[in-house]
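Here the structure is laid out as structure tokens; the discussion comes afterwards.
The values are calculated or read from the model by the stated rules, or taken from the named source; none is laboratory data. This is a predicted model, so every value here is computed, not measured. Cβ placement follows ideal geometry from the backbone for every residue including glycine, while neighbour counts extend to all protein chains displayed. All accessible areas refer to the heavy atoms of the entire protein, side chains included, with ligands and DNA or RNA removed. Shrake-Rupley method; radii C 1.70, N 1.55, O 1.52, S 1.80 Å.
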Amino acid sequence: MQGQLIISRFAVLTGLSPKTLRYYDEIGLLRPESIDEATGYRYYGVSQVQRAVNVRRWRQLGMPLDDIRQLMHQPDRVREVLLRHEQRLKVEIEHRQQAITHLHRSLQEVSMNYRIEQLPVVQTLTISTRLQPPHYKVIPEALQELMRYKKAQGYTSDSPSFFVHHNDDHEGGVWWRSACPSRVG
């Protein structure tokens, strides 16, 4: 067959394995120009080499097969498909960066020498809210309100009266929590 390549030769030229080429044929992504009915051999045209190389490159970029199919069958939408994939990659990078950050924190915590002890259960009064900078000025007011309530109810405590917890969510801000371990006086 003049001007046609057997699957193994086409695979070498395009960087796609014969197994992958058979799969792309099955799903209709990249069909051979012809198939010998007697032997079942697939023959690809020289003109298909660049198209197959593009498919390989797009897959190396992590592009889904449906998007590649769209690129091949709707060339007028190339920019839209590529921009959509770029956005997907940016989100993936952000998630992986967050995973690395959490991994680093875990590694730091692993090296700490913790002491675990059983403490008696005590009632804890709390006030919590999400604060956005620069609205931290409400903390003293909330603390005073908690202390007034504690006193009115007859609670006593011998522990610190508050802590601030930074949350790593996407909305930003700080979770502020006033916690007061207390017991009835």
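Hey, can you grab everything whose amide H is under 5 Å from the amide H of S34? Only 5+ residues off in sequence or another chain; H modelled, so Pro and N-termini drop out.
It is Y43, by chain and number.
Modelled label-to-label distance, H95 and E145, 7 Å Cα→beta-carbon offset: nm?
Going from the H95 label point to the E145 one covers 3.9 nm.
From zero outward in steps of 10 Å, how is the percent of C-alpha pairs of the stretch 3-113 spread across the bins?
The distribution over the stretch 3-113 is 13, 33, 22, 15, 10, 5, 1, 0, given as percents.
Hey, what do the phi angles of the stretch 46-61 turn into as Karplus ³J(HN,Hα) couplings, whole Hz, using 6.51/-1.76/1.60 and θ = phi - 60°, x for Gly and Pro?
Running phi through 6.51 cos²θ - 1.76 cosθ + 1.60 with θ = phi - 60° gives 4, 5, 8, 4, 4, 4, 5, 4, 4, 4, 4, 5, 5, 5, 5, 7 Hz.
What accessible area, in Å² to the nearest ten, does a 1.4 Å probe give for D66?
Ignoring ligands and nucleic acids, D66 comes out at about 110 Å².
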